[in-house]
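Notes follow the structure.
The values are calculated or read from the model by the stated rules, or taken from the named source; none is laboratory data. The structure displayed is predicted, hence computed values, not measured ones. Note that each Cβ is placed from the backbone with ideal geometry, even for glycine, and that neighbours are counted across all protein chains shown. Note: areas computed on protein heavy atoms with side chains; ligands, DNA, RNA excluded. Shrake-Rupley method; radii C 1.70, N 1.55, O 1.52, S 1.80 Å.
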Amino acid sequence: MVLQEKQFAVRFGNLAAQVCLTDSPKPILLMLHGWQDNSGSFEPLAPLLTEHVDLVMPDWPGHGLSDHKGADSFYPFFDYVDDLHQLILQLSDKPIFLVGHSLGALVASCWSAAFPERAKGLVMIEAL
């Protein structure tokens, strides 16, 4: 298992992500970090998971290796839901499971509520 860095174009710029994507029929596990964190917080789990799932671990805008929004921009919560949706639209039609910590969990729960036909499972860590 080798994680690769990948950039996904979204409205504000690029979302960076660590990914392990294959042509296999394995589902995709999106792992979404919390506020003031980055995808590296999930990196130790990657070797344990890639036998069962393809992984996509993005950095939110302004976090990790993702682009920052402009100096006059804000980071409202609902924009993260849209950023996630723009990312998912660039992935295959494989089943999607989401794991989110803190902010990532809140965003994942809102996206799952908006697109229940795509969300096959949701795990929220320290979300409430």
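Quick notes
- Each Lys and Arg Cβ is given +1 and each Asp and Glu Cβ -1; about its Cα centre, the chain then shows a dipole of about 220 debye.
- Trp35/Gln4 FRET efficiency (R0 35 Å; Cβ-Cβ; nearest 0.05): 0.90
- Mean Cα-pair separation over length for the chain, i.e. relative contact order, pairs under 8 Å, 6 or more apart, %: 27 percent
- Taking Ala113, Ala71, Ala17 as the candidate residues, the one with maximal mean-square fluctuation in a Gaussian network model of the chain, Cα springs under 10 Å, is Ala71.
- The chain - accessible surface per residue (Å², probe 1.4 Å): 52 Å²
- With the convex hull constructed from alpha-carbon coordinates only, segment 1-55 shows a mean projected area of 4.3 nm² over all directions.
- Whole-angstrom Cα spans of segment 87-128 along principal axes, big to small: 29, 16, 13
- Of (1) 21, 16, 14; (2) 28, 19, 11; (3) 30, 15, 10, the label for semi-axes √(5λ) of the Cα gyration tensor in Å derived from the coordinates: (1)
- Among beta bridges from DSSP that stay inside the chain, the antiparallel ones total about 45%.
- Long-range tail of P(r) for segment 21-87 (Cα pairs > 13 Å, %): 68 percent
- Accessible carbon and sulfur surface of the chain relative to its total accessible area, %, 1.4 Å: 58 percent
- Nearest 10 degrees, 0 to 90: helix 103-114 Cα axis against the chain principal axis: 80 degrees
- The chain: most fluctuating residue of Leu45, Leu103, Leu29 per GNM, C-alpha cutoff 10 Å: Leu45
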